[in-house]
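A.B. asks: I am attaching a structure below and will ask some questions about it afterwards.
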Amino acid sequence: MKEKVDPSLIHLFDQLPGCWGCKDKDSVFVYANEEYGNIIGVNHHLDCIGRTDFDMPSPTVECADSFQEQDHLVMNTGNRMRILDIHPYSDGSWRAHLFTKTPWKNQDNETVGTIFSGVELKDTAILEVGHWICRAAGLSTKEQASFNLDLTNQPIALNTRESEVLFLLLYGKKPQYIAKVLNVSVKTVENYVLRLREKFNANSKNELIDLALDLGFGSNIPESMLKRQLSVILKE
């Protein structure tokens, strides 16, 4: 039996910010809210119902295989998954979203599909927030009261490839993954990491990441990456 979304809850959920929806076990959309319908290009958000990611009028169909693989992974493991998605959408504009996918369970606690929700990354410094919270947590109460997020340090100039490698490093990706995404060798990625360490005067990769976050690079999505579709699992 196909599961349905409780109509009495839809009005409430549709008032929430961001885009969200749910799919059944076959990754067929059971519901999608208005914001998701707008970016994916359907005439009305309810037109998503009954379609798969392969059936949407959007360039994101190129990543439909990845979307469905993620759905199956969420259902099979029962774990929540966070995903960075960078795509051109139906209006031709490129956007970056942070999506969360969770198992959709019925009243008998059986997994019947997936629930997804996403927020667009604009000026949201998600990585910096966690970084500075960790920094502040190690301070005394007195020091926390006067704690400043000083991002006024001298900027470090990076070329396109350095920016891409640093961006993926900051999101926890290993050289093998970065090499695959950027279509270069692992050795090339490792050389870029060494060059980045020199530019940031970092003694290790971990120190490089800390210094880059200090300087605000965590909220800087390289423009070149906004021309390449990505669907990167950040956490399983």
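A.B. asks: Applying the selection to the range 74-108, what residues are closer than 27 Å to Lys227 by Cα and at pLDDT 95 or above? Spell out the reasoning first.
C.D. replies: The first filter runs over the range 74-108 and keeps only residues closer than 27 Å to Lys227 by Cα, leaving 81-101.
Matches in the range 74-108: Lys101 only.
A.B. asks: Six or more apart or on different chains, Cβ atoms under 7 Å: show the pairs whose first residue is in the range 66-84 and assigned to a helix (DSSP H, G or I) and whose second is open to solvent by less than 60 Å² (accessible area, probe 1.4 Å) and of a type in the set (Asp, Glu).
C.D. replies: Listed pairs, sorted by first residue: Phe67/Asp53; Gln68/Asp53.
A.B. asks: Does Ile115 meet the test of being over 16 Å from Leu230 (Cα atoms) and modelled with pLDDT under 90?
C.D. replies: Values: over 16 Å from Leu230 (Cα atoms): yes; modelled with pLDDT under 90: no.
Taking the combined requirement at face value, the residue does not satisfy it.
A.B. asks: Ile39 - would you say it is at pLDDT below 95 and within 25 Å of Asn109 (Cβ to Cβ)? Before the answer, list the steps.
C.D. replies: On the way: at pLDDT below 95: yes; within 25 Å of Asn109 (Cβ to Cβ): no.
No, not satisfied.
A.B. asks: Can you confirm whether Val165 is open to solvent by less than 50 Å² (accessible area, probe 1.4 Å) and either over 22 Å from Cys63 (Cα atoms) or outside any helix (DSSP H, G or I) (or both)? Reasoning before the result, please.
C.D. replies: Working: open to solvent by less than 50 Å² (accessible area, probe 1.4 Å): yes; either over 22 Å from Cys63 (Cα atoms) or outside any helix (DSSP H, G or I) (or both): no.
In short, no.
A.B. asks: Turning to a different aspect of this structure: May I ask you to list the residues in the range 190-236 that are small (Gly, Ala, Ser) and either in contact (Cβ under 8 Å) with a residue 24 or more places away in the chain or closer than 23 Å to Arg95 by Cβ (or both)? Write out each step before concluding.
C.D. replies: Keep residues of the range 190-236 that are small (Gly, Ala, Ser), which gives 202, 204, 212, 216, 218-219, 224, 231.
Within the range 190-236, Ala212, Gly216, Gly218, Ser219, Ser224, Ser231 meet the criteria.
A.B. asks: Something else about it: Can you tell me which residue in the range 185-225 is modelled with the lowest pLDDT, limited to those that are within 21 Å of the chain's Cα centre (by Cα) and open to solvent by 50 Å² or more (accessible area, probe 1.4 Å)?
C.D. replies: Asn220
A.B. asks: Out of the residues in the range 1-36 that are modelled with pLDDT of 95 or more and of a type in the set (Lys, Arg), which is nearest to Trp94 (Cα to Cα)?
C.D. replies: Lys23
A.B. asks: If you don't mind, another one. Scan the range 12-35 for residues that are of a type outside the set (Gly, Ala, Ser) and open to solvent by less than 20 Å² (accessible area, probe 1.4 Å) and report the count. Spell out the reasoning first.
C.D. replies: Taking the range 12-35 first, the residues of a type outside the set (Gly, Ala, Ser) are 12-17, 19-20, 22-26, 28-31, 33-35.
Retained after the next criterion (residues that are open to solvent by less than 20 Å² (accessible area, probe 1.4 Å)): 19, 22-24, 29, 31, 33.
Here the count works out to 7.
A.B. asks: So for the range 170-184 (the condition being modelled with pLDDT of 50 or more, open to solvent by 70 Å² or more (accessible area, probe 1.4 Å), assigned to a loop (DSSP other than H, G, I, E, B) and more than 20 Å from Ile83 (Cβ to Cβ)), does at least one residue qualify? So that I can check it myself, show each step before the final result.
C.D. replies: Pass one, the range 170-184, residues modelled with pLDDT of 50 or more: 170-184.
The next check asks that each one be open to solvent by 70 Å² or more (accessible area, probe 1.4 Å); those that pass are 174, 176-177, 180, 183.
Among the residues that remain, those that are also assigned to a loop (DSSP other than H, G, I, E, B) are: 174, 183.
Next, from what is left, pick out any that are more than 20 Å from Ile83 (Cβ to Cβ): 183.
Yes; the residues of the range 170-184 include at least one that is modelled with pLDDT of 50 or more, open to solvent by 70 Å² or more (accessible area, probe 1.4 Å), assigned to a loop (DSSP other than H, G, I, E, B) and more than 20 Å from Ile83 (Cβ to Cβ).
The values are calculated or read from the model by the stated rules, or taken from the named source; none is laboratory data. Nothing here was measured: the structure is a model prediction, and the numbers come from that model. Glycine also receives a Cβ, built like all others from the backbone with ideal geometry; neighbour counts cover every protein chain displayed. Note: accessible area is taken over every heavy atom of the protein model, side chains too, but ligands, DNA and RNA are not part of it. Shrake-Rupley method; radii C 1.70, N 1.55, O 1.52, S 1.80 Å.
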